[in-house]
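Let me begin by presenting the structure, written as structure tokens, before commenting on it.
The values are calculated or read from the model by the stated rules, or taken from the named source; none is laboratory data. This structure is a prediction, so every number in the text was calculated from the model and none was measured. Cβ coordinates were reconstructed from backbone atoms using ideal geometry, including for glycine residues, and neighbour counts include every protein chain displayed. Ligands, DNA and RNA are stripped out before the accessible areas are found, and what is left, the full protein with its side chains, is counted by its heavy atoms. Shrake-Rupley method; radii C 1.70, N 1.55, O 1.52, S 1.80 Å.
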Amino acid sequence: MASKRVSVVIIGGSHAGLGVSHKLIRQAPEASITLINPSEEYYFNIAAPRFLVKPDSLPSSKYLLNIGETFTQYTENSFTFVKGIAAKIDYLNKTVVVKTSGNSLNERGSKLVAFDYLVIASGSTTPATLGQGSLKLPFKQTAFEDTRKVIFEAQERIQAATRIVIGGAGPLGVELAGELAEATGLKKVITLVSKGDCLLAGSGATETVQRTAESLLGRRNVVILKSITIVQVYQDVESKKWSVTLSDGQTITADEYISRTGVLPNNDFIPKSFLNGEGWVNVDDQLRVVEDKISRNDTYAVGDITSHPYRLLSRVSAQAEVIASNIAATMKRDKRLMVYSAEAQQKMIVVPVGQSTGTGHIGGWTLLGCLVWFFKGKDFLTYKAPKFLLGKE
Ligand SMILES: Cc1cc2nc3c(=O)[nH]c(=O)nc-3n(C[C@H](O)[C@H](O)[C@H](O)COP(=O)(O)OP(=O)(O)OC[C@H]3O[C@@H](n4cnc5c(N)ncnc54)[C@H](O)[C@@H]3O)c2cc1C
């Protein structure tokens, strides 16, 4: 009689979930992996500042890639894709309840997927992605929405706007301001509001990088407001214009307001006992989920959804490697397990300001504008998307 395959269910099919899926199949071909994701396409959101502002700069095939095709290379039964969202984890029966349509849970709109091991890779979203107090911009994918349509609508709104305010001067706020300024020259007024007294505060950027970002944006006529917070944002229902009230008392009227603050965990389906005070999943150094101070041997978490504070694509591969390796080792009753060290990851930040220049540092090395172009600015890392899709990064 054939032995039962070990079933590994991965919730979330973006950078982290895909990384674990491929790495695990390669290390443990005897595992049966089920990947649950609301879209059949991998969304390379990293390039969003470029293609949302400059629609002709990148074809959609560069940032929306089919997930299923990349798994046909493996043996039959090693991989199943389930289109839907995890609605509940049932530990009593070791199943995940998956909602397969936007309607409420019922027999036709849901299915059960059994697991021996579970990997939570459901990531995060942003207020702008959800259109909460902001122009709706697909910085991440949203379940049961047509991503191409949402992208097209966002591109149209940005093109039509003359006055745009960006709230938040982290890496993404700076990248967006740079793209907008370059795309439109003096035709648009771009205002970037920074809570800190410098740009890129709290991102790990060095002072040189912070100053260079400010100088590059200043040269492109971006209005930079520092040490100022957004007090209130209001959109007029009829005119659709935004009133942005600032902590210095002024109110700016803008055609569009883009919120670049806030990262929200996709945790609706996750037991509350797994979450820290901010809603992220507690993990130990093997990336096993910690519940009431005890590590679970059947559940791991990876990527943005974990309690690790640097929510970056550049952290995902190392984490995926640890989880794939540990599940494979546990299946073989091998006690040699890998650990993930956030401190050991290289400190780096690369921020294009328009197509041809930008700023950043890798470790202690400050990057010249031409190197920022080379590493990221030329195509916003889309050349790496197929590698992430195949778990080869
Ligand atoms: C616009 C933008 C630009 C960025 N640029 C950079 C950069 O240049 N460098 C860098 O290092 N980092 C960057 N980041 C951060 C990077 O995007 C994240 O660190 C990365 O997306 C984390 O990947 P993830 O797979 O953990 O989560 P996510 O990318 O958030 O993916 C989560 C996946 O899970 C799915 N999902 C959610 N809930 C469920 C559910 N209940 N059931 C099933 N599936 C579910 C989602 O649909 C999605 O497919 C950027 C972020 C943004 C928003």
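Hey, residue 258 hits all of (1) within 28 Å of the chain's Cα centre (by Cα); (2) outside any strand (DSSP E or B); (3) not small (Gly, Ala, Ser) but one; which does it fall short on? With (1) within 28 Å of the chain's Cα centre (by Cα); (2) outside any strand (DSSP E or B); (3) not small (Gly, Ala, Ser) applied to residue 258, the lone miss is (2). Exactly one residue out of 285, 268 is modelled with pLDDT of 95 or more, under 24 Å from residue 347 (Cα atoms), outside the structural domain of residue 142 (by TED's automatic domain parsing) and surrounded by fewer than 15 Cβ atoms within 10 Å (Cβ to Cβ): that is 285. The strands (runs of 3 or more DSSP E) located wholly in the range 94-198 that include 1 or more residues which are within 21 Å of the chain's Cα centre (by Cα) occupy 117-120, 163-167. Scan the range 20-34 and give yes if some residue there is within 17 Å of the chain's Cα centre (by Cα), modelled with pLDDT of 95 or more and under 16 Å from residue 320 (Cα atoms), otherwise no. Within the range 20-34, one or more residues are within 17 Å of the chain's Cα centre (by Cα), modelled with pLDDT of 95 or more and under 16 Å from residue 320 (Cα atoms). Residue count for the range 184-238 satisfying the condition of being of a type in the set (Gly, Ala, Ser), touching a strand residue (DSSP E or B) at 6+ places or on another chain (Cβ under 7 Å), surrounded by fewer than 16 Cβ atoms within 10 Å (Cβ to Cβ) and within 27 Å of residue 311 (Cα to Cα): 1. Among the conditions (1) out of contact with any helix residue (DSSP H, G or I) (no Cβ under 7 Å at 6 or more places or on another chain); (2) open to solvent by 10 Å² or more (accessible area, probe 1.4 Å); (3) at positive phi, the only one that residue 84 does not satisfy is (2). Looking only at residues of the range 38-57 that are outside any strand (DSSP E or B) and touching a strand residue (DSSP E or B) at 6+ places or on another chain (Cβ under 9 Å), we find that the one that is farthest from residue 117 (Cα to Cα) is 50. Residues that are open to solvent by 70 Å² or more (accessible area, probe 1.4 Å) and of a type in the set (A, V, I, L, M, F, W, C) were ranked within the range 87-113; the one that is modelled with the lowest pLDDT is 105.
Suppose we filter 194, 239 for residues that are in contact (Cβ under 8 Å) with a residue 12 or more places away in the chain and small (Gly, Ala, Ser); which single one remains?
Details: 239 fails: in contact (Cβ under 8 Å) with a residue 12 or more places away in the chain.
Step by step, each of 194, 239 is checked, and only 194 is in contact (Cβ under 8 Å) with a residue 12 or more places away in the chain and small (Gly, Ala, Ser).
Given the structure, is residue 35 in contact with a Gly (Cβ under 7 Å, 6 or more places away or on another chain) and either closer than 26 Å to residue 280 by Cα or not in a loop (DSSP other than H, G, I, E, B) (or both)?
On the way: in contact with a Gly (Cβ under 7 Å, 6 or more places away or on another chain): yes; either closer than 26 Å to residue 280 by Cα or not in a loop (DSSP other than H, G, I, E, B) (or both): yes.
So residue 35 passes the test.
Output the qualifying pairs, or none if there are none: Cβ atoms under 6 angstrom, residues six or more apart or on different chains, first residue in the range 324-335 and free of Cβ contacts under 8 Å to residues at least 40 places away in the same chain, second residue open to solvent by less than 20 Å² (accessible area, probe 1.4 Å) and outside any helix (DSSP H, G or I). Matching pairs, first to second residue: none at all. Taking the numbered list (1) open to solvent by less than 10 Å² (accessible area, probe 1.4 Å); (2) in a strand (DSSP E or B) in turn, residue 327 passes all entries but (2).
Tell me, yes or no, whether the range 2-11 has at least one residue that is in contact with a Leu (Cβ under 8 Å, 6 or more places away or on another chain), in contact (Cβ under 8 Å) with a residue 12 or more places away in the chain and more than 14 Å from the ligand (Cβ to nearest atom). Reasoning before the result, please.
Of the range 2-11, the ones in contact with a Leu (Cβ under 8 Å, 6 or more places away or on another chain) are 8-11.
In the following step, the residues that additionally are in contact (Cβ under 8 Å) with a residue 12 or more places away in the chain were identified as 8-11.
Checking the rest, the ones that are also more than 14 Å from the ligand (Cβ to nearest atom) come to 8.
For the range 2-11, residues in contact with a Leu (Cβ under 8 Å, 6 or more places away or on another chain), in contact (Cβ under 8 Å) with a residue 12 or more places away in the chain and more than 14 Å from the ligand (Cβ to nearest atom): present.
Scoring residue 342 on the criteria (1) among the hydrophobic types (A, V, I, L, M, F, W, C); (2) over 21 Å from residue 265 (Cβ atoms); (3) modelled with pLDDT under 95 leaves a single failure, condition (2).
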